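Step one of this worksheet: look at the structure below.
The values are calculated or read from the model by the stated rules, or taken from the named source; none is laboratory data. Everything quoted here is computed from the prediction, not taken from an experiment. Counting neighbours? That spans all protein chains shown, and the Cβs are built from the backbone with ideal geometry, glycine included.
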Amino acid sequence: MNLDGTDVNILKVLQTNGRLSFRQISERVKVSVPTVSNKISNMENLGVIKGYRADLDTERLGEISVILTIKSKPSELKQVAEYFDDDERVRKIFVLSSGRLLMVCTFTESHRINEFVSQLGNISEIMEYDIANIVDVVKEDQRSLVEIGASVVLQCAQCKKDIWGDAIKMKIDGRDYYLCSNDCLKSFQEKLERQKIKV
């Protein structure tokens with residue numbers, strides 16, 4: 001599924017300022033308010049827009065950030081990443097093609113870095129790691145580049161896998177759902193029927 005020019009323009013405006021009202025966005029993009037509302041709702045449902053949050057300045061808050069790279073067996077990378085899922089100090093986790101994890105961690109006090117590093121030794125799947133303090137931030141933009149013709153990778157509403165081929169589209173209560181196969185379609189419909197029975 002491809003984004004059209006209006007989708008792209010709305011996303012670019014939101015990347016600049018996520019606090020704008022639909023009216024303000026419509027004025028900048030030169031489309032109606034209902035169009036902006038429908039487009040944003042659709043992109044939220046597709047998972048293109050994951051949320052709206054404040055962009056805080058870590059250094060102004062007196063916090064210290066580090067980059068941590070972790071090496072483990074490729075088959076154990078996801079398992080190692082799961083150790084850090086609920087750790088609020090770990091702000092970002094990337095699984096790299098080199099068989100490593102790259103993590104951005106933030107701490108309120110420098111001695112907390114040492115405490116965190118000492119806990120790494122308790123994770124047997126970690127083969128080695130490297131940690132470095134971020135001493136200056138030259139550029140820190142969102143990773144998403146929004147360009148006309150960008151395509152959306154749909155996620156199956158049933159199995160949650162990415163859909164790379166043709167998707168089966170199903171509309172329920174005005175919302176679009178996408179499924180990767182007839183098997184998932186059948187399972188999804190059965191799940192919906194069970195939910196209706198409970199209500």
Within the group Glu115, Glu109, Glu88, which residue is assigned to a helix (DSSP H, G or I) and closer than 23 Å to Leu61 by Cα? Glu115
Residue that is nearest to Cys156 (Cα to Cα) [pool: residues in region 21-62 that are at pLDDT 95 or above and among the aliphatic types (A, V, I, L, M)]: Ile40
Of the conditions (1) exposed (fewer than 12 other Cβ atoms within 10 Å of the Cβ); (2) in contact with a Lys or Arg (Cβ under 8 Å, 6 or more places away or on another chain), Ser151 fails just one. Which one is it? (2)
Which of the residues spanning region 61-79 are under 14 Å from Tyr129 (Cβ atoms) and assigned to a strand (DSSP E or B)? Val66, Ile67, Leu68, Thr69, Ile70, Lys71, Ser72
Pull out all pairs, ordered by first then second residue, where Cβ-Cβ is under 6 Å, the residues are six or more apart or on different chains, the first lies in region 166-183 and is modelled with pLDDT of 90 or more and in a strand (DSSP E or B), and the second is surrounded by fewer than 18 Cβ atoms within 10 Å (Cβ to Cβ) and of a type in the set (Val, Ile, Thr). Leu179/Ile168
Where residues in region 126-140 are surrounded by fewer than 15 Cβ atoms within 10 Å (Cβ to Cβ) and not aliphatic (A, V, I, L, M), which of them is farthest from Gly62 (Cα to Cα)? Glu128
Tell me, which residue of region 36-63 that is in contact with a helix residue (DSSP H, G or I) (Cβ under 7 Å, 6 or more places away or on another chain) and not basic (Lys, Arg) is surrounded by the most Cβ atoms within 10 Å (Cβ to Cβ)? Val36
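Could we say that Ser72 is out of contact with any helix residue (DSSP H, G or I) (no Cβ under 7 Å at 6 or more places or on another chain), among the polar types (S, T, N, Q) and not assigned by TED's automatic domain parsing to the domain that holds Glu44 here?
So Ser72 does not fit the description; no.
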Take Glu82 and decide whether it is at pLDDT 90 or above and part of a helix (DSSP H, G or I). yes
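Take Ser97 and decide whether it is of a type outside the set (A, V, I, L, M, F, W, C) and not in a helix (DSSP H, G or I).
The answer is yes for Ser97.
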Within region 77-136, which residues are free of Cβ contacts under 8 Å to residues at least 40 places away in the same chain and among the β-branched types (Val, Ile, Thr)? Val90, Ile93, Val95, Val104, Val117, Val135
Of the numbered conditions (1) out of contact with any strand residue (DSSP E or B) (no Cβ under 9 Å at 6 or more places or on another chain); (2) under 24 Å from Lys50 (Cα atoms), Arg194 satisfies every one except a single condition; which is it? (2)
